[in-house]
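Have a look at the structure below, then the notes.
We did not get these values from a lab; they are worked out from the coordinates using the rules stated. Everything numeric in this text was worked out from a predicted model, so none of it was measured. For neighbour counting, all protein chains shown are included, and Cβ atoms are generated from backbone atoms with ideal geometry for every residue, glycine included.
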Amino acid sequence: MKPRAFAVLFALLAAQASALTIRGTVEGAVTADTRVAAVVVNPYGQAVQEVSSVPVEGGRFTLELPVAAPTARAQVTLTPQNVNWPGVIDPIQVSGQAQVAELKFFTYRDLNNNGRRDENEALRDVLPTLNGGGLFVAWVNTDVTVKANKGYEASFKRGWNAFIVDVGRAVKVQPFADSTVVSVRLAR
């Protein structure tokens, strides 16, 4: 393959599995060493792989998720039995086979200022919100749709996907735009 053709093919593939940017504000007990981290979790909510983290500066953060897929150990096969996501209530339907990695957000204090989390730096689970709904982010290896009770429906495209999920009498799932600013509240 010619170098120019390879570059065009690479650009097309990168565009298909594009990166995602999460912008937000942080309210509460923010210290100079506070960082916001995006961490892939297993179906039980346990941290498996940090994919990105950034410092909180002036009460704000901009977190870029990488185009690259999470590690194989961070991925699980998507089945109705392992969908334990906000707003998802039985019965659950999954449109096809897919590998998925759920992302959660945490804050931590970077005590040694090395720009990454070390074992002695405790993670604090946080939920970015917008107008009462919570931010849900997941990576999938192929297009797939998940439907559940109370109107839950989310159509995932290959790569990182983000939705604002508002759980009430009905479940409202809205696509998340990179220009959206979410809010994170820390305990005082």
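Annotations
- Scoring 154-167, 33-46 by mean Cβ neighbours within 10 Å over their residues and listing the highest first yields 154-167, 33-46.
- Gyration tensor over alpha-carbon atoms, the stretch 30-108, equivalent ellipsoid semi-axes in Å: 28, 14, 10
- DSSP bridge orientation in the stretch 20-185 - percent antiparallel, rounded to nearest 5: 90 percent
- The distance linking the stretch 51-96 with the stretch 140-188 is 10 Å (Cα centroid to Cα centroid, whole angstrom).
- The GluC sites (Glu not before Pro) of the stretch 90-132 that meet both conditions, a loop assignment by DSSP and at most 12 other Cβ atoms within 10 Å of the site Cβ, are Glu119.
- Over the chain, relative contact order from alpha-carbon pairs under 8 Å, at least 6 apart, %: 25 percent
- Kirkwood Rh, angstrom, the chain [1 / mean 1/r, Cα pairs]: 17.5 Å
- Between Asn131 and Gln174, full extension at 0.36 nm per residue minus the direct alpha carbon distance yields a gain of 14.3 nm.
- Computed from the Cβ-Cβ distance with R0 of 22 Å, the FRET efficiency linking Glu119 to Val181 stands at 0.10.
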